[in-house]
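Written below as structure tokens is the structure these notes are about.
The values are calculated or read from the model by the stated rules, or taken from the named source; none is laboratory data. What you are looking at is a predicted structure, and each value in this text was computed from that prediction instead of being measured. Here the Cβ positions follow ideal geometry from the backbone for every residue, glycine too, while neighbour counts run over all protein chains shown.
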Amino acid sequence: MTAEMRKKLAALPYAEKLRRVAELIAFSRRFRTADASRPLVTLQAGTGDYVKIRDQLFTGETVDSLFEQAKAVE
Amino acid sequence: MPEPGIPLAEVFAAANSLRAAGIIVDYALGGALAAVRYTEPFTTYDADVFFIPADTGLSAGIPAIYAHLEKLGHSFEREHTIIRGFPVQWLATHALTEEAVREALPIEFDGVQGRIFRAEHLIAIAASVGRLKDRARIEQMLEQAELDRPLLDAILARHHLSLPQK
């Protein structure tokens, strides 16, 4: 946008400018919502049986035993 | 769901009510929403209302302000009052902002009388804060606002401020 066009916008009545500010806010909120939802959109469904893998990995483990293992890794 | 739009008339009405109740001496709209009065429209997410406190104690009368606004039916979210869905911040004045309130311009919005900072004071306040966005605001105001340059120079000199170099 040229400086001339910006000056024309600056000369608009205040009420009209506030109406446009409200539009900008609404637009940017929608944009932010879209931005926030992007990770969900890019999330891909995996393959395999999660429950089966979980059982293989964690059978016989307790929160305490997993905590101890984590501490050992630290 | 609040109506869309900036509820400036309601903001002025709330400030007028605070003044009539003697909780504040006077007020004026400042910040980005006031700057839009002089520049092209740009996004801002709240209204800054600067007030001269009637209570000169440490709290600047903020508890009384919040209590009064609550009675008027407004809600609160952290440091903001929510007026018809729009956040409003109430800021006690200091030397430069107090001068800006005292010399603010009257304005009528949707039939409600209010007060708004002069462009020259908005520039001086931005110069005193000096963040990146304030420097951008100054540049925008210098390009787009109709300024009283001698007045701006006098305000800057009085408060030992200078405009950022390009």
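Of all the residues that make up segment B:142-166, how many are part of a loop (DSSP other than H, G, I, E, B) and among the polar types (S, T, N, Q)?
2
Which ones in segment B:113-132 are assigned to a helix (DSSP H, G or I) and surrounded by fewer than 16 Cβ atoms within 10 Å (Cβ to Cβ)? Hits for segment B:113-132 are B:Val129, B:Leu132.
Taking the criterion of being under 19 Å from the mean Cα position of the chain (by Cα), more than 14 Å from chain A (Cβ to nearest Cβ) and exposed (fewer than 14 other Cβ atoms within 10 Å of the Cβ), the only residue of segment B:133-165 that qualifies is B:Lys133. Of the helices (runs of 4 or more DSSP H) lying entirely inside chain A, those containing at least 2 residues that are at pLDDT 75 or above and more than 8 Å from chain B (Cβ to nearest Cβ) span A:3-10, A:14-42, A:63-73. Taking segment B:17-41 as the range and being touching a residue at least 12 places away in the same chain (Cβ under 8 Å) and within 14 Å of chain A (Cβ to nearest Cβ) as the test, the residues that pass are B:Leu29, B:Gly31, B:Ala32, B:Leu33, B:Ala34, B:Ala35, B:Arg37, B:Tyr38, B:Thr39, B:Glu40.
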